[in-house]
Structure formats: structure tokens, C-alpha cells
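Chemist: Just dropping this structure here.
The values are calculated or read from the model by the stated rules, or taken from the named source; none is laboratory data. Keep in mind that what you see is a predicted model, and the values were worked out from it rather than measured. Here Cβ is always computed from backbone atoms with ideal geometry, including for glycine, and neighbour counts include all displayed protein chains.
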Amino acid sequence: MRFLVAALTLGVLVGAIPLPDHALERRQVAAPPPAPTAQPVQPGVQITGQATFEVPGPKKIGSCGYDVEELAFSVAINKAQMANGPNPNENPNCRKSMTVQYNNVSVMVEITDTCESCQPGEIVLSHSAGSQLGQEFVNKGRNTVVWVINS
């Protein structure tokens, strides 16, 4: 059997066995549509997305370039909507206040960081901010919220 396949393949390669015309046709296949891209978030525009929170502990310097206190009510916005330029410390969203709502409970937080692995609409709250949204929010760990950067 291997000999037969090898002989047929060799015959096609050297032209001894012609292939039908349709075997050589190139077909145009439409490229898949590009994935939708998130636009940078604007103050006053409500966004519905997923929210998680950090575990308590020492904080790092966020993309906005300053230390965040452990008890601060802070938030990291997904990379697509944060839209950092060459120097993320100069992002106009840094240090703006943002309101996050979950089950009719709201918390006001300060934008301090960018979440590199988050999807559009997704945010990561500090543990103290997440705790303000209630025990159910904390127990679930990942929740649908509505958030808006305050004007």
C-alpha cells in the first residue's frame, strides 16, 4: 500500500499522472471578520461588565505611577478601555473617580491601574472596595456590575 501511495504521489509530481483541473483551483475564502475592539472609556458613559477584586495585601505601583494604600478604594480598568499611551502615568483617566454598582449598592473608587489580562468591560477592584459592595459580591468573586467614570 505504501508503495502505491508513493508511486501515485511521484507520478503526480513529475506530471506523469495528470490531476483534474478542479484539483488545482484556488478558492477565495473570506477572512473572518475582525474582533470588535473596545473604545477608550469616556466619563459619564455607563459600562456593564465583569468585576473581580484583589486579595488583601501589599499593593504594587499601578500603571498610573503611584503607590496605592492597602485600604484605598481603587480600581484597575481593562487594557482596551484604559487606552494607555506610551507613558501610562500620563493617562487622563488616572486618579479620576469612578462609581461601581452591584445589586443597588454603589462604591466610589479611584482609577489607579490597568488590568492587562482583563476583557473589555472588566475591572478589578481593591479588596476594600469589593467588600463595600457586600458579602454576596465577595462570596461570588466574579460579578456583573455597572460602572461609570465620574465627570
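Chemist: Pick from region 83-117 the residues that are hydrophobic (A, V, I, L, M, F, W, C) and closer than 11 Å to I149 by Cα: which of them is farthest from the chain's Cα centre (by Cα)?
Modeler: Among them, the one singled out is M108.
Chemist: In region 118-137, what residues are within 21 Å of the chain's Cα centre (by Cα) and surrounded by 14 or more Cβ atoms within 10 Å (Cβ to Cβ)? First the steps, then the outcome.
Modeler: Going residue by residue through region 118-137, those that are within 21 Å of the chain's Cα centre (by Cα) are 118-127, 129-130, 137.
Scanning region 118-137 gives C118, P120, G121, E122, I123, V124, L125, S126, H127, A129, G130, F137.
Chemist: Is it true that P40 is loosely packed, with under 12 Cβ neighbours inside 10 Å, part of a loop (DSSP other than H, G, I, E, B) and either modelled with pLDDT under 90 or in contact with a Ser or Thr (Cβ under 8 Å, 6 or more places away or on another chain) (or both)? I'd like the intermediate steps shown before the answer.
Modeler: Working: loosely packed, with under 12 Cβ neighbours inside 10 Å: no; part of a loop (DSSP other than H, G, I, E, B): yes; either modelled with pLDDT under 90 or in contact with a Ser or Thr (Cβ under 8 Å, 6 or more places away or on another chain) (or both): yes.
When the stated conditions are applied, P40 does not pass them.
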